Amino acid sequence: MKNVLWAFLLLLITTQVRGQVKGLVKMIVQQENGTPLENATVALLKSSDSSLVKFAVAEKSGEILFENIPTGGYFIKISMVNYVLFTSNRFEVSEEKPSIDLLAIRLQKASGNLKEVVVTGRKPFIQKLSDRIVVNVDNSIVNAGSTALEVLERSPGVQIDANDVLSLRGRQGVTIMIDGKTTPMSGTDLVNMLRGMPSGSIESIHIITNPSARYDAAGNSGIIDIRMKKDQRLGYNGTITAGYGQGVFPKANAGTTFNYRNKKTNVFGNYNFGYRENLNHLFLDRNFFSNGVFNGADLKDNYAKMPFKSNNARLGVDFFPTKKTIVGFVLSGNFNHFDRLNNNNSIVINQQKQHSFTFRTKATNDDNFNNVVGNVNFKHTFDTTGKEITADIDYGEYDNNSLSSTSTDYYRLDGTTQQPSYILKGDQAGKLLLRTAKIDFVQPLKKGAKFEAGIKSSYVSSDNDAKFFDLSSGTPQNDINKTNRFFYKEYNNAGYFTFSREYKKFNIQAGLRGEQTNVSTHQVKGEIKWDSGYFQLFPSAFFNYNIKKDQTIGLSVSRRIDRPGYSQLNPFLFLIDVSTYATGNPALLPELTWSYELSYTLKSLNFTLGYSHTKDVSNIAIVRFRDVFPNIPSDENVTVQIPVNLTTSDYVGLTVAAPVRINKWWNMINNGSLYYNHFNGSLANTQLDKGKPAFDLSSNNTFTLGKGWTTELNGNFSSGGQYGFMVFEKQWGIATGVQKSLWKNKATIRLNMTDIFWTNLPKATITYNNYIERWHAERETRVANISFTYRFGKNTVAAARRRTTASEEERRRAGN
């Protein structure tokens, strides 16, 4: 299969197919006296939503040429230092008139000694485009001083539960990408990485609910692509940012970005440091039954303080040997240190519903997560039709080390010691290596058609070694029930092709992706080995019809897969307290989803009706230990958190994006989702056949007050919903902020407060026939932040380059 794909792609590259230009827009930018104006920046934008299509910089002659432009309505904006911003009228590129000549455009000199062009138009915090929702992070005052995780939690349809599981529009199985690269992490590791990523380093977040065949087939509920900042201005530019926040505990961040670009080279990078003391105060009411008869209960008060230090760095260079060729190198790293001090007080209740005894657990962690990924990339554009080939090679190393200590003391009700203390020490080390390579080829065809194809190959290996010692007697003894070592290897080869064509009133796209996966595991304890291989096809199709001006209907369908995260397959037993464990499941199967969407857009309003059906649903379950591991002796009140496969789930939902400009100074963006999730499965002698309707609402309000002042007021509400055996209750939050531009827009100071009333806190109930758990958590969702940013450098903008790399899906799963 691999050889066939390579031969097929080679044939495509060497075959010369004559393309056809979709459309052309040209103009000449001049000064008031008619002489050419070199280096003026021209932006081509869609008239429907003002989204950016292309950037260009005027040549010495003042000429600007936008080629290969799809049919549709557009307008342009031209900016230049010491000149007044120019905005054109709307114009149309059509099959009848594919070539648009705007002739000579003369910019007026700005009055006074203007040092910088102030562009009055700006992207809103949340944009609804035809195939995705874009969250422009810098355009929200509330995001200043936040982390990537906190920005995600405020994004439309995104939720994060108490087990650090992300869901999108009520569905789990979200693929997290960073600059088009899928992170190999999930679960707690992924959340910790996002906690260490400051919002100031993020340009935008793209939420894609139904991706095409060009993307990896992973991610049943969609893709969240976090785009990092990369300055595109000529010359030397950069930013310096510092901030402080105060919730229950303090937070601080500082960082810098830099970029140097000329016609042959672009060097870019950033460094960010963060320190955050986080709180997770978890209350649990756990009740145990046998044949419907109450057996006992645990009341737990779990208080965790988690200081977190993060160092994130990125360095890259792009070379432009010719106008048609780019060769780039990127090295990125995350170096995070995580301490945890956890105090757990538990009250044990007997069958008569009376307090029996108590135990107190003190747990500490000293964890380090160090990730480094290198990328080499290549892009060659053959001609002006858009024919191009891109290639990427990635190598990544993810290391984690954890030293843990858990000490439990037991007490009678009168406070005297009931039994000797239980002390457990842990020394865990893990290493994950990923190697990936991919090639993509784009071939424009005649009459507005386009063909794309690509191949990808990846190899991922991990080695996890955990040693646990029982120190209860004072002498370390190897705990044979917990000490283990686990090896994992996965080979994945994929190929895809898509065909698209644009007509006067509609456009179509169809694609097919094939993925061959081979997995082998080795668990040292018990010498358990497992091998598996499978081949899957993932078709996708998209159709959009322009009913009339500013009115479009769309239909899409795709099949997707969500493979388990690498750590989710790890069978180690991790002790949280003496009655609570967490573990992975090496028998976890990938889940497969068919997804359908019908969308309708009227001007800036968008309505999307979606349905999906998923098999072998991956779900994080909290269940009684003996129901999962009946052959391992355990007390009645011991539970375990473990990923499992449910049989199926069905999702149907309606999402609405409604941006409204109240007046010149008040802009409102509203988003809502109404959905229903239904689950089928069986676990812990309990048959699951349940669903629950739910809805999420958010509103972002921006007020432009003049003289550099801007304020913001945001609100969100979630009614809760069904997630396997867990049902969430409602939660809501209000946030506000104020911003002032300083020094002719070279600096910005922001002050904000999130979750003002401290109400955006999770609460849920888990129900089995023999076990019911009710929990709620207090977290640092209410934080006051102050942030300062200073921008320096030139303002001439060069054409942006945004691409994905080879290790997209692998980098997501490494955090699972």
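The values are calculated or read from the model by the stated rules, or taken from the named source; none is laboratory data. Just so it is clear, the model here is predicted, and its values are computed rather than measured. In this analysis, Cβ positions are derived from the backbone assuming ideal geometry, glycine residues included, and neighbour counts consider all displayed protein chains. Side chains are part of the model used for accessible areas, which takes the heavy atoms of the whole protein and leaves out ligands, DNA and RNA. Shrake-Rupley method; radii C 1.70, N 1.55, O 1.52, S 1.80 Å.
Count Lys and Arg as plus one, Asp and Glu as minus one, and take only other residues whose Cβ is under 12 Å from that of Leu751; the net charge is then +1.
With both labels modelled 7 Å from their Cα along Cα-to-Cβ, the Val248 to Ala449 distance reads 6.2 nm.
Placing a label point 7 Å from the Cα of Asp409 along the Cα-to-Cβ direction, the residues of region 346-361 with a backbone N closer than 12 Å are 359-361. When a 1.4 Å probe is rolled over the protein heavy atoms, the share of accessible surface on region 589-739 that falls to carbon and sulfur comes to 63 percent.
By how many nm would the segment from Lys603 to Ser290 grow when fully extended, if each residue of separation counts as 0.36 nm and the alpha-carbon distance is taken off?
Difference between extended and current length: 106.8 nm.
Less than 5 angstrom separates the built amide H of Asn82 from those of Glu116, Val117, all sequence-distant by 5 or more or on a different chain.
Per residue, region 266-423 exposes an accessible area of 45 Å² to a 1.4 Å probe, with every protein chain left in place.
When the residues Asp755, Asp409 are ordered by accessible surface, computed with a 1.4 Å probe over the protein chains alone, the sequence from largest down reads Asp409, Asp755. Converting phi to 3J(HN,Hα) with the Karplus coefficients 6.51, -1.76 and 1.60 and the offset θ = phi - 60°, region 296-305 yields x, 8, 10, 10, 10, 10, 10, 10, 10, 10 Hz in sequence order, with x at every glycine or proline.
Two decimals, Cα atoms only, Kirkwood Rh: what is Rg/Rh over region 287-398?
Numbers: Rg = 27.8 Å, Rh = 19.7 Å.
With Rh from the inverse mean 1/r over Cα pairs, Rg/Rh is 1.41.
Each Lys or Arg adds one and each Asp or Glu subtracts one; over the other residues with Cβ under 12 Å from the Cβ of His380, this totals +1.
Cross-link reach is defined here as a Cα-Cα straight distance under 13 Å, omitting same-chain residues fewer than 8 places apart; for Lys456 the aspartates and glutamates meeting it are Asp216, Asp392, Asp394, Asp440, Glu515, Glu808, Glu809, Glu810. Shape call for region 509-589 from the C-alpha gyration tensor, a ≥ b ≥ c root eigenvalues: rounded (a/c under 1.5), prolate (a/b greater than b/c) or oblate? Judged from the Cα gyration tensor, region 509-589 comes out oblate (a/c at least 1.5, b/c at or above a/b).
May I ask you to derive the FRET efficiency for Lys548 and Ser473 from their Cβ-Cβ distance with R0 = 60 Å, giving the value to the nearest 0.05?
0.15
Take the Cα of Lys26, step 7 Å toward its Cβ, do the same at Thr765, and the gap between the two points is 7.1 nm. Here the calculated FRET efficiency for His281 and Val327, from their Cβ-Cβ distance with R0 = 51 Å, stands at 0.50, rounded to the nearest 0.05.
With every protein chain in place and a 1.4 angstrom probe, the accessible-area ranking of Leu674, Leu471, largest first, reads Leu674, Leu471. Note that region 469-628 carries a Kirkwood radius of 20.1 Å, evaluated over its alpha carbons pair by pair.
Straight-line reach from Lys353: taking Cα to Cα under 14 Å and skipping same-chain neighbours fewer than 8 places apart, the aspartates and glutamates in range are Asp285, Asp298. Computed 3J(HN,Hα) for region 330-342, one whole-Hz value per residue from the Karplus formula 6.51 cos²θ - 1.76 cosθ + 1.60 where θ = phi - 60°, is 9, 10, 10, x, 10, 10, 10, 10, 10, 9, 9, 10, 10, glycine and proline marked x. Ordered from highest to lowest accessible area with the whole protein assembly present and a 1.4 Å probe, Leu102, Leu598 read as Leu598, Leu102.
Length gained on full extension, Tyr395 to Ser741: 120.4 nm, using 0.36 nm per residue less the C-alpha separation. Rounded to the nearest 0.05, what FRET efficiency do Ser520 and Val376 have when you use their Cβ-Cβ distance and R0 = 30 Å? In this case the efficiency is close to 0.60. Taking amide H atoms as placed 1.01 Å from N in the peptide plane, the amide H of Glu203 lies under 5 Å from those of Arg227, Met228, Lys229, each 5 or more residues away in sequence or on another chain.
Solvent-accessible area of Tyr491, all protein chains in place: 110 Å² (probe radius 1.4 Å, heavy atoms, ligands and nucleic acids excluded).
Take every Cα pair under 8 Å whose residues are at least 6 apart in sequence, average their separation, divide by the length of region 387-540, and the relative contact order is 18 percent. Remark: for residue pairs Lys54/Lys505; Lys323/Lys548; Lys263/Lys664; Lys467/Lys763; Lys263/Lys387, the C-alpha separation exceeds 30 Å in Lys323/Lys548; Lys263/Lys664; Lys467/Lys763.
With θ taken as phi - 60° and the Karplus curve 6.51 cos²θ - 1.76 cosθ + 1.60 applied, the whole-hertz 3J(HN,Hα) list for region 59-74 is 6, 4, 6, x, 6, 10, 9, 9, 10, 6, 8, x, 5, x, x, 9 Hz, x standing for glycine and proline. With a ≥ b ≥ c the root eigenvalues of the C-alpha gyration tensor of region 605-670, is it rounded (a/c under 1.5), prolate (a/b larger than b/c) or oblate? Judged from the Cα gyration tensor, region 605-670 comes out oblate (a/c at least 1.5, b/c at or above a/b). Computed extension length for Ile508-Tyr790: 97.0 nm, one decimal, from 0.36 nm per residue of separation with the Cα-Cα distance subtracted. Computed with every protein chain present, the accessible area of His337 is close to 50 Å² [probe 1.4 Å]. Sorted from greatest to least, the principal axis extents spanned by the alpha carbons of region 405-490 come out as 86, 28, 15 Å.
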